[in-house]
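Peer 1: I have a structure I would like to understand better, so I am pasting it below and will then ask my questions one at a time.
The numbers here are math on the coordinates, done by the rules we state, and not lab data. Please read these numbers as outputs of a predicted model, since none were measured by experiment. FYI the Cβ positions are ideal-geometry reconstructions off the backbone, even for glycines, and counts take in every protein chain you see.
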Amino acid sequence: MGSAPNTGMLNLVFATADTTTSIAAITPEPGTPGQPYAVTVATRRTTALVSGVTRIRGTVQVRASDGSQCTVSPSPGNGIGTCTMTAGAAGVLTLTAEYSGAIGFRPSAATPRTYTVGTPVELIFRNGFESP
């Protein structure tokens, strides 16, 4: 009885889990021009892993349509994290969040959300009654 020859090769298989990312909250709502606002994101594993990796790792990049951005490092325990940006001019911003993925976790992106800076009454006052 012979044995298989030792080739010196080792085959490693890395399991990866699907993830989901969401923008859980934006506070305060509505925002005020020039004031900070907090964006809370949640990143969760959506498929089981045989490898036993259960805690989210990596970062989430949050971007606003005015060009501002911040980075969140979600808590490994619950996948939730918060970052802060500063509101610009009054109007409506679109925010996106993208999880970059990590060993054992696939990237994911949140559904974009809108964020209002200034109230509609303030916008009417500024655009309709003040002189330029």
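Peer 1: What shape does the stretch 19-127 have by the C-alpha gyration tensor, where a ≥ b ≥ c are the square roots of the eigenvalues, rounded means a/c under 1.5, and otherwise prolate means a/b greater than b/c and oblate the rest? Mind dumping the intermediate values first?
Peer 2: Numbers: a/c = 3.17, a/b = 3.03, b/c = 1.04.
Cα axes put the stretch 19-127 in the prolate bin.
Peer 1: Here's a follow-up. Near the amide H of Ala25, under 5 Å away, which other amide H atoms are found, from residues 5 or more places off or on another chain, if H is placed in the peptide plane?
Peer 2: Thr40
Peer 1: Give, as a single signed number, the net charge of other residues whose beta carbon lies under 12 Å from the beta carbon of Gly77, with Lys and Arg counted +1 and Asp and Glu -1. Can you show the working numbers first?
Peer 2: Working: positive: Arg44, Arg55, Arg57; negative: none.
The answer is +3.
Peer 1: If Lys and Arg each add +1 and Asp and Glu each add -1, what is the summed charge of the other residues whose beta carbon sits under 12 Å from the beta carbon of Thr47?
Peer 2: Taking every other residue near Thr47 into account, the sum is +2.
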